[in-house]
Structures are given as structure tokens and as C-alpha cells.
Amino acid sequence: MTREELEQRIRTELNLPHFKAQIDENRDYSEDDYQEFKSSLVNYYKAYVQDIDTDFQGGLD
């Protein structure tokens, strides 16, 4: 699949309508490549983004 196809699948499957990846656009991506990319993205979200609201519950003061 192309870079555009990979991005579109991520937008659809993970409900990220404005997702834009900085990946090689001259490469064809296999299904395994896609699954690995998607898994990495989900793991990053779980590790760094998911609990950000917990970090700010006390406010910024």
C-alpha cells in the first residue's frame, strides 16, 4: 500500500481524521508493515498521551 493508503487506514481504524504521518512516500507498505506501524502508534498513545488529563487534574499552578 502507498503512504496515502496507510494514512487513510489509520484515520479510519483509529478514528484520527487529521492524521498525517512523516513516513517514506516512495515505499510500498505491506500488511505486516501497516500492522507494526499501527501497533507502535497505539503503544505510543497508551504510554504518553492517554493519561495526560490525570497529570493536569491539579491545574498548572
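The values are calculated or read from the model by the stated rules, or taken from the named source; none is laboratory data. As the structure is a prediction and not an experimental result, all values here were calculated from the model. A quick note on method: Cβ atoms are made from the backbone with ideal geometry, for glycine too, and the neighbour counts reach across all protein chains shown. For accessibility, only protein heavy atoms count, side chains too; no ligands or nucleic acids. Shrake-Rupley method; radii C 1.70, N 1.55, O 1.52, S 1.80 Å.
Just the residues that are of a type in the set (Asp, Glu) and open to solvent by 50 Å² or more (accessible area, probe 1.4 Å), please, taken from the range 33-48.
If we filter the range 33-48 for residues that are of a type in the set (Asp, Glu), which is where we start, we get 33, 36.
Passing the criteria: only GLU36.
What number of residues within the range 14-32 satisfy the criterion of being within 19 Å of TYR45 (Cβ to Cβ) and surrounded by 11 or more Cβ atoms within 10 Å (Cβ to Cβ)?
Within the range 14-32, residues that are within 19 Å of TYR45 (Cβ to Cβ) and surrounded by 11 or more Cβ atoms within 10 Å (Cβ to Cβ) number 5.
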